[in-house]
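These notes concern the structure reproduced below.
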Amino acid sequence: MHSTLSFSQATTVPTTNYAFHSQSPINLRFYGLRREAFGISILTRSSSGRVRLSTRGRSKRTSASTGNNGTPPKSFDYDLIIIGAGVGGHGAALHAVEKGLKTAIIEGDVVGGTCVNRGCVPSKALLAVSGRMRELQSEHHMKALGLQVSAAGYDRQGVADHANNLASKIRSNLTNSMKALGVDILTGFGNIVGPQKVKYGKVGFTDNVVTAKDIIIATGSVPFVPKGIEVDGKTVITSDHALKLEFVPDWIAIVGSGYIGLEFSDVYTALGSEVTFIEALDQLMPGFDPEISKLAQRVLINPRKIDYHTGITPARDGKPVIVELTDAKTKEHKDTLEVDAALIATGRAPFTYGLGLENINVVTQRGFVPVDERMRVIDANGNLVPHLYCIGDANGKMMLAHAASAQGISVVEQVTGRDHVLNHLSVPAACFTHPEISMVGLTEPQAREKAEKEGFEISVAKTSFKANTKALAENEGEGLAKLIYRPDNGEILGVHIFGLHAADLIHEASNAVALGTRIQDIRFAVHAHPTLSEVLDELFKSAKVKASASTSSPTSEPVAAVLAAVSLFVKLLCCDDELYVVSCYSLSLVGRERGFGGVKSRIRNILVVLLELDNHIGIIKILYKG
């Protein structure tokens with residue numbers, strides 16, 4: 001089979017700046033704060049005397065993009081309908097029930113979506129096997145621990161059954177959890193037929209129409225296969241097929257060296273295969289921090305039965321699989337490979353076809369549903385579609401299962417009256433190779449670009465697993481933790497880890513980013529000894545924050561304003577102290593001259609906050625007691 005291929009990486013839909021216009025006050029909750037969420041917040045007092053936060057001013061109105069599609073129903077079958085029962089939809093459904101919403105979830109395939117059935121879950125089962133095999137096969141490792149192990153082997157079907165059984169168990173758990181909480185599971189493919197209306201059903205059966213006050217699209221993604229490649233499911237496969245482990249090829253070409261490609265290279269080489277990476281870009285692991293990529297290549301690729309070609313795309317495949325390699329830029333023929341199988345690991349594409357988006361004037365961008373920072377769907381005219389949200393892989397903001405779940409929870413917060421914006425820079429990611437790779441925030445090149453654009457300096461701190469007692473006890477001292485931060489105020493810009501249990505270690509850093517904790521505060525945290533967590537402890541302690549930086553958590557000006565307002569809100573509710581009104585300074589003056597960035601998340605001594613807002617700048621002043 002002859003075919004010329006051109007690879008295009010699926011990219012995320014650009015973040016938009018649409019803001020919801022509300023005439024009535026709404027409460028704010030703060031999880032992974034984003035600055036954009038607080039630039040328009042003001043204090044209002046209700047008739048009962050309670051202080052609340054509201055949004056006004058420079059915002060765009062929601063526009064009902066209904067056209068000729070009818071009017072919304074006056075009563076609803078459900079408070080919330082979720083189309084897609086993957087990890088994102090499941091997380092949203094459970095949170096919705098907790099909030100008292102009558103909820104239904106529509107699933108046309110099986111509960112659990114890609115993650116549970118064809119992704120995260122079964123792949124971790126295979127990687128658990130590869131990790132054990134790799135350890136048992138390492139004579140040097142075993143000898144260092146004083147162990148003697150005979151030749152390790154495996155049963156391919158037994159390994160495949162382990163992955164399948166795990167997926168079945170998790171799928172059953174998800175289904176039972178929703179049923180136990182009263183979530184209605186509607187079977188069939190969902191299609192939006194108009195405002196707040198969804199049709200669902202199976203082929204050959206009568207469709208049903210249900211209505212809901214709010215709708216969440218959570219349809220996930222499918223493997224991205226470049227044009228020209230024909231996947232047969234046997235010798236030319238995607239991750240969906242590879243997870244079934246129907247055979248272990250002697251030699252397999254893996255097209256793409258991202259998360260999916262790296263993890264499968266770990267599995268296949270542990271089970272005895274030779275692997276050849278084919279990467280269209282000029283370097284392996286292009287999505288990782290370059291320094292981490294370099295170290296990972298030295299540990300995960302060079303010592304193993306892996307070779308690679310970069311700047312190359314495959315141009316032909318056949319049976320057995322014949323791959324002609326061409327230069328990605330010049331299209332000049334470079335080499336020909338004849339391998340036993342080829343795994344197409346070039347990323348994932350959104351599964352949004354057939355959703356009926358045309359009925360509400362929504363046009364996808366490269367298949368992704370356009371949304372704003374609150375996951376609200378945007379129509380072809382740039383207006384927000386009322387009561388319609390999209391989460392997870394279908395919107396392309398961050399194609400990770402836990403990001404989808406976080407987005408779903410964020411949406412439920414909004415539809416129940418609590419504004420919430422998820423900070424995607426606080427969402428961690430991990431690659432479950434042996435050793436693992438994890439990260440949160442910006443890579444070093446991204447941070448330097450941001451610093452140059454915004455006019456601040458960055459610094460980098462590093463620590464090695466070779467200095468960690470627990471890692472050395474496990475004879476797993478190969479690894480590095482890297483911190484990218486601002487030395488002027490201690491803000492954490494990015495953390496990258498390569499080493500034993502890196503996927504577990506990253507959460508201390510991601511939580512710090514989400515909560516706005518600065519290095520000068522987190523370095524005082526106590527870690528149990530001896531544990532791998534001390535790698536992060538040493539990392540934060542090694543960072544050099546300027547002495548002029550406040551010892552309390554510096555916060556961006558808009559966020560600090562909100563924190564101050566929240567403190568006042570709590571004070572007014574909980575005490576009868578007399579209020580003192582003081583003169584005001586602008587936010588910028590307070591930020592520069594009064595050290596406003598040092599306001600702690602638990603402000604106890606604020607006597608009063610006066611916050612005014614026009615269309616340009618908020619005015620605020622804080623008076624501290626003691």
### Shape category assigned to the range 236-346 from the gyration tensor of Cα positions, a/c cut at 1.5
oblate
### Query
Can you give the accessible area per residue of the range 236-346, in Å², using a 1.4 Å probe?
38
### Query
Using the beta-carbon distance between residue 283 and residue 74 and R0 = 60 Å, what value does 1/(1 + (r/R0)^6) give for FRET efficiency, to the nearest 0.05?
0.55
### Message
Please compute the Kirkwood hydrodynamic radius over the range 437-542, one decimal place, Å, based on all pairs of different Cα atoms.
### Response
13.9
### Message
With a 1.4 Å probe and all protein chains left in place, how much accessible area per residue does the range 437-542 have, in Å²?
### Response
42
## Note on the structure
Whole-Hz Karplus couplings 3J(HN,Hα) for the range 484-501, θ = phi - 60° and coefficients 6.51, -1.76, 1.60, Gly and Pro as x, run 10, 8, 9, x, 6, 9, x, 5, 7, 9, x, 9, 10, 10, 10, x, 4, 6
#### Entry: C-alpha center-to-center spacing [the range 512-532, the range 327-378] in angstrom
38
### Message
Give me the percent of accessible area attributable to carbon and sulfur for the range 437-542, probe 1.4 angstrom.
### Response
50
### Task
Could you calculate the FRET efficiency of residue 451 with residue 327 from 1/(1 + (r/R0)^6), where r is the beta carbon distance between them and R0 is 51 Å, rounded to 0.05?
0.90
### Within the accessible area of the range 106-179 (1.4 Å probe), percent carbon and sulfur
51
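The values are calculated or read from the model by the stated rules, or taken from the named source; none is laboratory data. Quantities reported herein were computed from a predicted structural model and do not represent experimental measurements. Heads up, the Cβs are rebuilt from the backbone with ideal geometry, glycines too, and the neighbour counts pull from every protein chain shown. For accessibility, only protein heavy atoms count, side chains too; no ligands or nucleic acids. Shrake-Rupley method; radii C 1.70, N 1.55, O 1.52, S 1.80 Å.
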